[in-house]
Amino acid sequence: METSSGNGRKLGINGFGRIGKLTVWQNVGRKYFDEIFVNLGRNVGTSLGDIAHYVERDSTYGLLQGYLYGHKGKNVISDLDEKTGSMTIDGTCVRFLRTARNPDEIGWGDLGVRLVIETTGQFLDPTLPSDHPKGSLRGHLYSGADKVIISAPFKIKDKGGPMPEDAVTTVMGINENDFNPRHHKLISNASCTTTCLAHMMKPLINAFGPQRILSASMSTIHAATGSQEVLDRLPKTGKTDLRKSRSIMNNIILTSTGAAKTLRLVIPEMEEIGFIAESVRIPTSTGSLIILVVNLQAELSKGAVRRDEINDIYRQAAASDPKGYLHYTEKQNVSVDIIGMPKAAAIIEGYETHSRTAEVTIDMGQVPNLREDVSSAVKDTVVRIPITQAVIYGWYDNEMGGYVNMLSDRTVTIYDSMG
């Protein structure tokens, strides 16, 4: 069978939903891996041709050949072999495995696969043993992989349990160097929202320091995901959030996000900043928005923090970003404008940045936990502190343009480190 370059590099992907499929698109385009193995864990459709049909077409991004070569692109899928489950996609051999659902039964080692991307969203707990009866993330290691990247945050079921020493969470362009190839076997690529949020917060922390950022909050206006219902359904057994069983086609749905918790893993300074994160799902296929609100202590000698100062922080950070993950624009965008924008972790819409400064009045005599000598000295003292509230908007393509591009960058850097 025809292959891409004969480099011998092999990539495993477990799961073939939105992230799994677009990861294939990405890596077929990059030509870094010679072979890609996709574990479906079951038979789908009526033939391998049905899988090829799914690979070739996408309701959000169009045809695969168009993604790879534009309007002049021609069919890029050939050499379907029903017996081996393989096909050639633009010169890259892609083989679909349709037997094992449990990661420890896939047999990555027998296939020569050292690096696996876990995209099912089912195996997120790095503490579960490889032989867990319902399957586990470590099952991939038992199956022969050297390292596993998951396309989601870790989720430890035992809330008090510590993170294993061989597990790490990274966001490209923020803390990718926290990955130690000698020690880490399980790598979380965080989430699309955490990725955008990290690239929005890091420039502010660099500019003001965590001490001047008194608090922050964010709301992500997020496109629909595969976990949501097309039409209203009864909630599953034990489910307490009734909104998740409602139709995403017809509703704006309030939900939750773990972005605040994960952000502390990639930006340690966030431990010093009070932070709240919320999420709203809307009926679009991709293209999401973070509305970030930060409260800054203004410097008395410099006066209020103006919107131009905030925009300059992002403008300069984007210009100096060596990998181009942070974008800054003063154009007026809507969500479709940023779909597919490559490697854009966050696209700051400077046109909509706002800031307001007001004085907060504090009666020092009412401040708790002051030493008695200090309390008696300031009991009649009123302090006025200037506080700036800034609102910043950051777009992100939560599928291909931002997240999958950066997941693929992470994949290449980890494979390179494996020697």
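The values are calculated or read from the model by the stated rules, or taken from the named source; none is laboratory data. Here the structure is a predicted model, which means the values were calculated and not measured. As a convention, Cβ positions derive from the backbone with ideal geometry for all residues, glycine included, and neighbour counts pool all protein chains shown.
What is the residue count in the stretch 57-72 for residues that are surrounded by 15 or more Cβ atoms within 10 Å (Cβ to Cβ) and either acidic (Asp, Glu) or assigned to a loop (DSSP other than H, G, I, E, B) (or both)?
Of the residues in that region, 3 qualify.
Mind checking which pairs have a first residue in the stretch 180-196 that is buried (at least 24 other Cβ atoms within 10 Å of the Cβ) and a second that is among the polar types (S, T, N, Q) and in a helix (DSSP H, G or I), Cβ under 6 Å, 6 or more apart or different chains?
Ala190/Thr262; Thr194/Thr262
Residue check: is Asp125 surrounded by fewer than 22 Cβ atoms within 10 Å (Cβ to Cβ), under 22 Å from Thr194 (Cα atoms) and without any contact (Cβ under 8 Å) to a residue 60 or more places away in the chain? Write out each step before concluding.
Working: surrounded by fewer than 22 Cβ atoms within 10 Å (Cβ to Cβ): yes; under 22 Å from Thr194 (Cα atoms): yes; without any contact (Cβ under 8 Å) to a residue 60 or more places away in the chain: yes.
Here the answer is yes, as Asp125 does meet what is asked.
Looking at the stretch 356-365, is at least one residue closer than 30 Å to Thr284 by Cα and modelled with pLDDT of 90 or more? Reasoning before the result, please.
Initial filter on the stretch 356-365 (closer than 30 Å to Thr284 by Cα): none.
Among the residues of the stretch 356-365, not one is closer than 30 Å to Thr284 by Cα and modelled with pLDDT of 90 or more, which makes the answer no.
Quick one: in the stretch 150-178, which of the residues that are farther than 18 Å from Gly258 by Cβ and touching a helix residue (DSSP H, G or I) at 6+ places or on another chain (Cβ under 7 Å) is surrounded by the fewest Cβ atoms within 10 Å (Cβ to Cβ)?
Within the stretch 150-178, the match that is surrounded by the fewest Cβ atoms within 10 Å (Cβ to Cβ) is Glu176.
Here are the criteria: (1) surrounded by fewer than 17 Cβ atoms within 10 Å (Cβ to Cβ); (2) closer than 27 Å to Met406 by Cβ; (3) small (Gly, Ala, Ser). Tell me which single one Gly41 does not satisfy.
(1)
Ala390 - would you say it is modelled with pLDDT of 95 or more and either on the phi < 0 side of the Ramachandran plot or part of a helix (DSSP H, G or I) (or both)?
Yes: the conditions hold for Ala390.
So which residues in the stretch 222-274 are among the polar types (S, T, N, Q) and in a loop (DSSP other than H, G, I, E, B), if there are any at all?
Thr225, Ser227, Gln228, Thr237, Thr240, Asn250, Asn251, Ser256, Thr257
Any idea how many residues of the stretch 186-210 are at positive phi and over 18 Å from the mean Cα position of the chain (by Cα)?
So the answer is 1.
With respect to Gly85, determine if the residue is among the small types (Gly, Ala, Ser) and under 20 Å from Gln26 (Cα atoms).
no
How many of the residues making up the stretch 393-419 are surrounded by 16 or more Cβ atoms within 10 Å (Cβ to Cβ), among the acidic types (Asp, Glu) and either over 21 Å from the mean Cα position of the chain (by Cα) or not in a helix (DSSP H, G or I) (or both)?
So the answer is 2.
Quick one: which residue in Leu64, Leu40, Leu48 is closer than 15 Å to Thr92 by Cβ and assigned by TED's automatic domain parsing to the domain that holds Trp108?
Leu64
Out of the stretch 225-250, which residues are surrounded by 15 or more Cβ atoms within 10 Å (Cβ to Cβ) and in contact with a helix residue (DSSP H, G or I) (Cβ under 9 Å, 6 or more places away or on another chain)?
Scanning the stretch 225-250 gives Thr225, Gln228, Glu229.
Gly12 is checked against (1) more than 23 Å from Gly144 (Cβ to Cβ); (2) buried (at least 21 other Cβ atoms within 10 Å of the Cβ) and fails just one. What number does that condition carry?
The failed condition is (1).
Determine which member of the set Thr46, Thr60 is free of Cβ contacts under 8 Å to residues at least 12 places away in the same chain, of a type in the set (S, T, N, Q) and out of contact with any strand residue (DSSP E or B) (no Cβ under 6 Å at 6 or more places or on another chain).
On inspection, the qualifying residue turns out to be Thr46.
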